[in-house]
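As structure tokens, the structure follows; a few thoughts come after it.
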Amino acid sequence: MKSKKRIPTDGGTTKWASPFAALKHTQLPETTPTQSARDQTAPVSGAPKKNRGRVDILRQTAHRGGKTVTVVTGFTGIGQAEKEKLAKQMQTACGAGGTVKEGRIEIQGDQRETVARILTEAGFRPVFAGG
């Protein structure tokens, strides 16, 4: 069984070596934090976002008590957190409720035009599918 290194609690000193002590004598280039951050940033956000793929916008009423729901499907390469963020934007813009279920976004009511505008701004290529 390994013995654990213990820190003395009786007020005695401990021998501690900084892991950065070896870097103290190296010659690093002098840069300011804002200068290096500016060099690594992306181009100005005024440029349009790249095409992130096709998404289908459907209007469904089946199994919903006759109520219309706008469903967005076909997302590729997008995580659950970003889908939830997009859904929140759509709900706010449409003034309606919605959810993210099984990898698709559902917004209450026939909101296809507003949803398509938000998806276009996010870099997707929305396509109206179905009825």
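Taken together, the values in this text are just the output of simple stated rules run on the coordinates, not laboratory data. A quick note: this is a predicted structure, and the numbers were derived from the prediction, not measured. Glycine also receives a Cβ, built like all others from the backbone with ideal geometry; neighbour counts cover every protein chain displayed.
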Quiz item: So which lysines pass the test for Lys101, namely a Cα distance under 30 Å, with those fewer than 8 places away in the same chain ruled out?
Solution: Lys49, Lys50, Lys67, Lys83, Lys85, Lys88
Quiz item: In cubic angstrom, how much convex hull volume per residue do the alpha carbon atoms of region 54-128 span?
Solution: 78 Å³
Quiz item: Can you sort Lys15, Lys85 so the residue with the fewest Cβ neighbours within 10 Å comes first?
Solution: Lys15, Lys85
Exercise. Kindly put Thr70, Thr61 in sequence by how many other C-beta atoms sit within 10 Å of each C-beta, fewest to most.
Key: Thr61, Thr70
